[in-house]
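Each value in this text was obtained by applying a stated rule to the coordinates, not by laboratory testing. All values reported here derive from a predicted model rather than from experimental measurement. Please note: Cβ atoms are built from the backbone with ideal geometry, for glycine as well, and neighbour counts cover all protein chains shown.
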Amino acid sequence: MTILHLLLDGLSWLFLLGGSFFCLTGAVGLLRMPDFFTRVHGAGVIDGLGCGMILLGLIFQAPTLLIAIKLILMFLFLIVTGPTAVHALAQAALHGGVKLLPDTSRADHLQHEARAEASETESPA
Amino acid sequence: MYAVATWFILLVMVLTLVRAVQGPTLYDRILAVNACGTMTVLFIAVLGFLSGRPEFLDVALTYALINFIGTVAVMKYFKYGNLGHGGQTEEERP
């Protein structure tokens, strides 16, 4: 075992375990948060941080360059589209009428704005 | 190393599915299924490395694309009622 192999294995362990920990944290957040919009953060952590770290851990273990390139492509795609889809879902829920918790700050102001905008576009021109 | 990650990913998939069953609103369920799909992508990739066949990455990459488009398609369906909608409501056209 050369030093390089040990280093790569150590980095892989670090990223894989860290990524698994963040995925677990995101899933616990998804289950235990009190409101939909707070759960969105849990899903964002799973998509962005957990996924990214696990894929980075796998990149260090790739046997050939082609596999490393595929993993890098997957990593770039997932860290861009994961949080984007979650954000689009949060916006759809805001316009769809999911209620915010009353003690989150600026909550009523945001909901009122979204409702006002939705009712403006719905009224016939 | 891969075995530890596999167990964690399986646990996270079960937890997201609990939220998918339990979620009081529709959007909770879409969120949970999207997260489960992302964990499926990771699961395929890690399982490929575990069994010594990293060629499964092609499947994982394809499913990552399908998962994203599927989530957006489900949201579009529930907003507009059908999937053929162009995305612009009648009132917004000039």
remark   = Filtered hits (lysines, Cα-Cα < 30 Å from A:Lys99, offset >= 8 within chain) -> B:Lys76, B:Lys79
key: Kirkwood-based Rg to Rh ratio, the range A:1-103, C-alpha trace   = 1.13
ask   = Along the charge dipole of the protein assembly as shown, which of A:Ala88, A:Phe37, A:Ser20 sits closest to the positive end, that is, farthest toward it, with unit charges on the beta carbon of Lys, Arg, Asp and Glu (+1, +1, -1, -1)?
value = A:Ser20
ask   = Once label points are set 7 Å from the Cα along Cα→Cβ at both A:Thr38 and B:Asn82, what is their separation, rounded to one decimal in nm?
value = 4.1 nm
key: Simple Cβ-charge dipole of chain A, Lys/Arg +1 and Asp/Glu -1, about Cα centre, in debye nearest 20   = 380 debye
task = Go ahead and estimate [θ] at 222 nm for the protein assembly as shown from helices alone: -39,500 (n - 2.57) per DSSP H run with n ≥ 4, summed, over the residue count, rounded to 500.
result = -26000 deg cm²/dmol
key: For the range B:1-55, diffusion coefficient by Stokes-Einstein and Kirkwood Rh (Cα), 4 °C, 1.567 mPa s, µm²/s   = 110 µm²/s
key: chain A: angle of helix A:65-96 to the longest principal axis, Cα-based, in degrees nearest 10   = 10 degrees
Selection from A:Ala114, B:Thr16, B:Tyr77 lying farthest towards where the dipole of the protein assembly as shown points positive, charges on Cβ = B:Thr16
query = Over chain A, what is the relative contact order in whole percent, taking alpha-carbon pairs under 8 Å and six or more residues apart?
reply = 23 percent
task = Can you bin the protein assembly as shown into rounded, prolate or oblate? Criterion: square roots of the alpha carbon gyration tensor eigenvalues sorted a ≥ b ≥ c, rounded for a/c under 1.5, prolate for a/b above b/c, oblate for the rest.
result = prolate
key: Per-selection metrics, chain B (Cα): Rg and Dmax in Å   = 17.0, 58
note = Here FRET efficiency (C-beta to C-beta, B:Gln22 to A:Leu7, R₀ 30 Å, nearest 0.05) is 0.10
task = Mind giving me the FRET efficiency for B:Arg29 and A:Thr25? R0 is 25 Å, r the Cβ-Cβ distance, nearest 0.05 is fine.
result = 0.75
request  = At 7 Å along the Cα-to-beta-carbon direction for both B:Val14 and A:Leu76, put a label point, then send me their distance in nm to one decimal.
outcome  = 3.7 nm
